[in-house]
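The values are calculated or read from the model by the stated rules, or taken from the named source; none is laboratory data. All values derive from a computational prediction rather than experimental measurement. As a convention, Cβ positions derive from the backbone with ideal geometry for all residues, glycine included, and neighbour counts pool all protein chains shown.
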């Protein structure tokens with residue numbers, strides 16, 4: 001099937017197998033390797049991307065379902081530098097192995113778009129579908145709260 005998607009501001013037109021997962025399309029055909037393949041079962045959230053502005057686990061979306069969509073990956077989140085969430089994750093030491101970080105940051109960006117000043121509980125709820133096996137979440141929550149309210153985040 002032929003699909004057309006806009007990934008991180010670049011238009012792609014490709015023929016894809018109807019069963020191809022969006023995460024594999026992003027990595028193999030669009031070259032967006034910043035989106036990791038985590039569990040392939042939508043349990044971990046590492047592969048989270050924004051599709052038309054809403055966070056989705058790209059291992060649970062077929063590439064054909066993204067036809068006509070605007071996709072933002074971790075690589076496209078910032079234009080010309082680090083996104084405020086990426087800076088906050090760095091300064092707050094909100095990562096260890098880094099495998100979950102792209103999905104966490106994308107999910108946090110979705111949360112902050114709708115709620116630019118969340119409470120700690122709202123951040124924890126907003127990141128609920130994303131698993132981290134290293135950090136214990138405290139620094140991740142602190143990083144999201146630090147980035148909250150930034151004009152760059154909510155734009």
Requested in this report: Considering each of 5, 23 in turn, give the residue that is more than 19 Å from residue 144 (Cβ to Cβ), touching a strand residue (DSSP E or B) at 6+ places or on another chain (Cβ under 9 Å), free of Cβ contacts under 8 Å to residues at least 40 places away in the same chain and crowded, with 23+ Cβ neighbours inside 10 Å.
Outcome: 23
Query raised in the report: Could you say whether any residue in the range 127-134 is touching a strand residue (DSSP E or B) at 6+ places or on another chain (Cβ under 8 Å) and crowded, with 17+ Cβ neighbours inside 10 Å?
Result: yes
Query raised in the report: Within the range 121-147, can you find the residues that are more than 17 Å from residue 93 (Cβ to Cβ) and either modelled with pLDDT of 95 or more or part of a helix (DSSP H, G or I) (or both)?
Result: 121, 122, 124, 125, 126
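Residue by residue, here is whether (1) assigned to a helix (DSSP H, G or I); (2) without any contact (Cβ under 8 Å) to a residue 40 or more places away in the chain holds:
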position	(1), (2)
45	no, no
56	no, yes
71	no, no
81	no, yes
89	yes, no
Query raised in the report: For the range 74-103, how many residues are surrounded by 23 or more Cβ atoms within 10 Å (Cβ to Cβ) and within 18 Å of residue 33 (Cα to Cα)?
Result: 5
**Report entry** Unique match (being part of a helix (DSSP H, G or I) and within 16 Å of residue 130 (Cβ to Cβ)) among 110, 40
**Finding:** 110
